[in-house]
Amino acid sequence: MANPVLVEVTRGNLVESRHRGMVVVVDGDGKVVFSQGDVEAGVFPRSACKAMQALPLIESGAADAHAFGNQELALACSSHNGEAAHARLAGTMLAAAGVDESVLECGAHWSFEQPVLINQARLLDRPSALHNNCSGKHAGFVCAACHTGKDLEGYVRYEHPVQAEIRGVMESLTGAALAVDNCGVDGCSIPTYAVPLKSLAHGFAKMATGTGLAPERAKASRRLIEACMAEPFFVAGTGRACTRLMETAPGRIFAKTGAEGVFCAAIPEQGIAIALKCEDGTTRAAESMVAATLARFFTEEPDIHAALMAQANRSMSNWNRIHVGDIRVTDALVA
């Protein structure tokens, strides 16, 4: 089936670009509350599923052994900007396990955010693995591995016990079979698995509600979701969509982006979760899609609804601050 156009980008009075996509909202029992497009299609969740990948950090006992609080747990679920506070906290997590950044296998890169990158270039000769946007997630992997006595070498590889455990967690949450035939390599070198979009949403709905989960996993899931909502800066950073969305309704919205136009979100108090993908992989469209989808569930709270729709529909200006067009969601996403 052809996915519908969910976001348009205008220039002047004309539509210059159109973004097709799919979005699904699911409750803890797996019931579809809202959908557009082919929600049974397999997608790579990329970094949108980091909260799932962080569960072994808690379930292994490592988080409690190191007295990790909300900031550390949020960073373990993050795709951060590489700001000083992010890199510093990732280093602190590693130190708690008795290791340093030399064990990280995520690679090093400059920040993807231009203001942060400029500041890094002024202060650093080169970025370290701590500045990698996935360093918090990898620090979580390392802490869990050290706590359970696993060898750290090659912890990013498909066959390593760390990745085998994460694979099992994600299979349990999504109900999808994960193996070599639906596996790719993510930007930070760990395996990433294509799963049906609906299954991804259901997995997050189970995390948000505890439905169908063993008590220990339900408790760990809720703890991670609550940590991210409590510390949205450590999930992403200054100016980022994940952080802004969670700050719009503090303690009530969980949101996490992934590369190639993927987004997952949840409203725990309503027992629902969202998964979506912009078909062409464009981040600007995915950010509009998730904001508008979240807004559907806050129609009775005008201030929150308006704030979310302002993130869904936004203007574009050129370098001279002249308005040149708009990014806007189509009627398919408007409540």
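Computed from the coordinates by the stated procedures, all read-outs in this text should not be read as laboratory data. Worth saying up front: this structure is predicted, and the values here are computed from it rather than measured. Reconstructed Cβ throughout: ideal geometry from the backbone, glycine too, with neighbour counts over all protein chains shown.
Angle of helix 161-174 to the longest C-alpha principal axis of the chain, folded into 0 to 90 degrees and rounded to 10: 40°. One decimal place: the segment Ala84-Ala65 gains 4.3 nm when fully extended, by the rule 0.36 nm per residue minus the C-alpha distance. When GluC sites (Glu not before Pro) are flagged only if DSSP places them in a loop and at most 15 other Cβ atoms lie within 10 Å, the longest unflagged stretch of the chain comes out as 160-299. Within the same chain, aspartates and glutamates fewer than 8 places from Lys198 are excluded, and of the rest, those with a Cα less than 13 Å from its Cα are Asp27, Asp29, Asp38, Glu40. Note on Arg11 and Ala310: the model spin-label points, each 7 Å out from Cα along the C-beta direction, lie 2.8 nm apart.
The angle between the Cα long axis of helix 302-312 and the main principal axis of the chain comes to about 90°, on a 0 to 90 degree scale. May I ask which of Lys50/Lys150; Lys31/Lys150; Lys219/Lys256; Lys50/Lys219 have a Cα-Cα span longer than 28 Å here? Those over the limit are Lys31/Lys150. Counting 0.36 nm for each residue step from Leu152 to Gln114 and taking away their Cα separation leaves a gain of 10.4 nm.
What separates the Cα centres of region 84-140 and region 272-312 is a distance of 30 Å. Considering only alpha-carbon pairs that sit under 8 angstrom and 6 or more positions apart, the relative contact order computed for region 1-90 is 18 percent.
If you fit an axis through the alpha-carbon atoms of helix 283-295 and take the longest principal axis of the Cα set of the chain, what angle between them do you get, 0 to 90°, nearest 10? Approximately 80 degrees, to the nearest 10. Normalising the average separation of contacting C-alpha pairs (under 8 angstrom, six or more residues apart) by the number of residues puts the relative contact order of region 116-213 at 17 percent. What the Cβ-Cβ distance of Glu269 and Ile322 gives, at R0 = 51 Å and to the nearest 0.05, is a FRET efficiency of 0.75. By the Cβ distance rule (another cysteine Cβ under 4.7 Å), the unpaired cysteines of the chain are Cys49, Cys77, Cys143, Cys146, Cys183, Cys228, Cys242, Cys264, Cys278. Computed on the chain, with alpha-carbon pairs under 8 angstrom and 6+ residues apart, the relative contact order is 24 percent.
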